[in-house]
């Protein structure tokens, strides 16, 4: 079997050398190049055509976001963001890089890790994303991506209200790898006045989640925030997104949102299955759910529970999924009432919510 060819782009010599040592020690990995700025990283990516690029976010000459946009537009390659940035602006850049096509994000080592945990995670993640077939992404920034979906950011105009048919009470969405881009497409494409609350679970590394709801709020036509334990499910007519906070399962119990520290499911907390199963039990036929791109099988059994309870269920199709893992598992279980391309999901949710054709009325 051919070795995985890796390009390491990192401006810190200390971190770069450590990454090179860890990756080179694995017999399945071949280091083909290294760079200390984004511009040089792009040049080497074009010349060497590696299987994976590890990419820092904060670098001289050209930062990781700009490098990601260029690579995914002109020489699509699986990208792993490796960053230590925790301030708001740097985190926003990481989210934008993920939306622009980077596959995953890993925090840099802090020096206090035990039992080679970080090293093992780096190697495992590089191997995992090397198997993903990536596609060309537009080089445009996210504000241009938003314009192409035909939505206006919340607060820029007074939307007309949609009339809900009364059949649905809420929507649940679960997503993992490829999630930021998928969520921008869906939340930006919802009809103005979308009336249903949306409960969201996304798998993102804990270090990178503190500002994710705020960032997504700025990209969406509906308001986005983290759920608070004990808050009631918003009433129909107050369409907004409530997201599971990092490190907590989110459930719906008797009309209230509950956050727990229960054990992980599928090595995840928050888990999509935990949300979906409680959603099915609490709302029955009053719920609709979407399972989007992602590795593994989290959410598949939960989506089946929702369908069996009479709810409406959607799985993203293979062609538009960055990773056709979770949706595929749901489809194999018979959990998906519909299998839709990414750009068809928001209009379908509009129809289910009561809009005649998924557009403002």
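Bear in mind these aren't lab numbers, they're just calculated from the coordinates by the rules spelled out. Source: prediction; values computed, not measured. Note that we place each Cβ from the backbone using ideal geometry, even for glycine, and neighbour counts take in every protein chain shown.
Here are the numbers for the structure shown:
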read-out: Helix 342-353 axis, angle to the chain major axis (alpha carbon atoms, nearest 10°); value: 20
read-out: Percentage relative contact order, the range 1-116, counting C-alpha pairs under 8 Å, at least six apart; value: 23
read-out: Residues 273, 107, 115 arranged by fewest to most Cβ contacts within 10 Å; value: 115, 107, 273
read-out: Fully extended contour minus Cα-Cα distance, from residue 48 to residue 20, at 0.36 nm per residue; value: 8.4 nm
read-out: Average Cα contact separation per residue, the range 152-353, under 8 Å, 6 or more apart, as relative contact order %; value: 23
read-out: Principal-axis tilt of helix 272-283 within the chain, Cα atoms, nearest 10 degrees; value: 0
read-out: Sequence ranges 183-191, 225-233, ranked by mean other-Cβ count within 10 angstrom, highest first; value: 183-191, 225-233
read-out: Sequence of 268, 75, 45, 290 once ranked by neighbouring C-beta atoms within 10 Å, starting from the fewest; value: 75, 268, 45, 290
read-out: Sum of -39500 (n - 2.57) over DSSP H runs of 4+, divided by residues of the chain (222 nm, nearest 500); value: -10500 deg cm²/dmol
read-out: Label point distance in nm, residue 121-residue 332, each placed 7 Å from Cα along Cα→Cβ; value: 2.8
read-out: Tilt relative to the chain, helix 88-99 - C-alpha long axis, 0 to 90 degrees, to 10; value: 80
read-out: The chain - share of DSSP beta bridges that are antiparallel (%, nearest 5); value: 15
read-out: Tail beyond 25 Å, pair distance distribution of the range 4-129 (Cα, percent); value: 14
read-out: Label-point separation, residue 62 to residue 339 (7 Å along Cα→Cβ), nm; value: 3.8
read-out: Ranked list, fewest to most other Cβ atoms within 10 Å of each Cβ, for 276, 212; value: 212, 276
read-out: Gain in span if fully extended, residue 87 to residue 131, counting 0.36 nm per residue against the direct Cα distance; value: 12.7 nm
read-out: The chain, relative contact order in percent, only Cα pairs under 8 angstrom and at least six apart counted; value: 13
